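The values are calculated or read from the model by the stated rules, or taken from the named source; none is laboratory data. All figures in this text were calculated on a predicted structure; none of them were measured in a lab. Every residue, glycine as well, gets a Cβ built from its backbone with ideal geometry; the counts of neighbours run over all protein chains shown. Protein only, heavy atoms only, side chains kept; ligands, DNA and RNA dropped before computing areas. Shrake-Rupley method; radii C 1.70, N 1.55, O 1.52, S 1.80 Å.
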Amino acid sequence: MTTNNKSINKTAEMTKMALMVAMNCISAYIIIPLPFSLSPIALQTLIVNLTGYVLNVKQAFMTMLVYILVGLAGVPVFTGGTGGPGKLFGPTGGYIIGFLFTAVFLAATRGEKYSFKRYALLGCAVGIPIIYLFGFLQLKFVTGMPWDKAFMTGVLPFIPLDIVKCMGAAFLAGPIHRIFDHK
């Protein structure tokens with residue numbers, strides 16, 4: 001591989017990562033508040049899954065880490081235009097931590113070749129539950145609410161739309177792979 005090709009590949013990698021960080025930041029503003037929950041429905045789960053589907057493990061990790069660090073620094077990139085340590089370590093911050101683990105898991109297990117069925121299954125069966133696990137546990141322990149209430153307000157209402165968002169991310173990953181991975 002020539003130096004020019006390496007430079008082009010590095011530029012493509014950095015572009016994909018920057019786009020995923022930007023899309024995650026923007027998706028945090030696309031929310032549907034739920035009056036009975038501390039967390040709104042957000043478009044972010046689509047972008048987190050998409051990050052895992054289109055980036056390799058290292059890129060997915062770095063992309064989500066940059067997003068978290070930018071928000072931790074106080075830039076309003078978390079759900080609903082919030083930021084800072086209070087959000088990350090507050091009742092709903094576990095979902096944000098779950099984003100990191102989900103994107104890395106999906107990148108590590110998605111396989112070498114695009115498959116809508118495999119991507120959708122991984123996202124719905126494992127990726128979203130990882131986000132729920134981190135979010136649910138932090139919600140429960142920070143607020144002290146009972147286990148059943150934490151589940152009823154922090155997991156259950158999100159399942160139907162998260163399934164749709166997993167399917168959407170799996171679908172979008174195909175064209176993105178074709179655009180960036182043409183050789």
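Structural remarks
- The charge dipole of the chain, taken about its Cα centre with unit charges on the Cβ atoms of Lys, Arg (+1), Asp and Glu (-1) only, comes to about 420 debye.
- Rounded if a/c under 1.5, otherwise prolate or oblate - segment 1-82, Cα gyration tensor axes: prolate
- Mean Cα-pair separation over length for the chain, i.e. relative contact order, pairs under 8 Å, 6 or more apart, %: 24 percent
- Helical segments meeting 30 Å axial Cα length and Kyte-Doolittle 1.0 threshold in the chain (DSSP H): 159-180
- Peptide packing: for 117-125, 79-87, 4-12, 98-106, the average count of neighbouring Cβ atoms within 10 Å per residue gives the ranking 98-106, 117-125, 79-87, 4-12, highest mean first.
- Rolling a 1.4 Å probe over the protein heavy atoms leaves PHE136 with an accessible area of roughly 30 Å².
- Taken over segment 1-43, the ratio of Cα radius of gyration to 2.2 N^0.38 Å equals 1.92.
- Rounded percent of accessible protein surface that carbon and sulfur make up, the chain, 1.4 Å probe: 74 percent
- For the peptides 13-20, 40-47, residues were scored by their other Cβ atoms within 10 Å and the scores averaged per peptide; the highest-first order is 40-47, 13-20.
- Solvent exposure of the chain as accessible area per residue, Å², 1.4 Å probe: 51 Å²
- In segment 1-146, taking the dipole from charged Cβ atoms about the Cα centre, the farthest positive-side position among SER37, ILE96, ALA120 is held by ALA120.
- The calculated Kirkwood hydrodynamic radius for the chain is 16.6 Å, given to one decimal from all distinct C-alpha pairs.
- Rounded to the nearest 20 debye, the dipole size of segment 70-170 about its Cα centre is 180 debye, using +1 on the Cβ of Lys and Arg and -1 on the Cβ of Asp and Glu.
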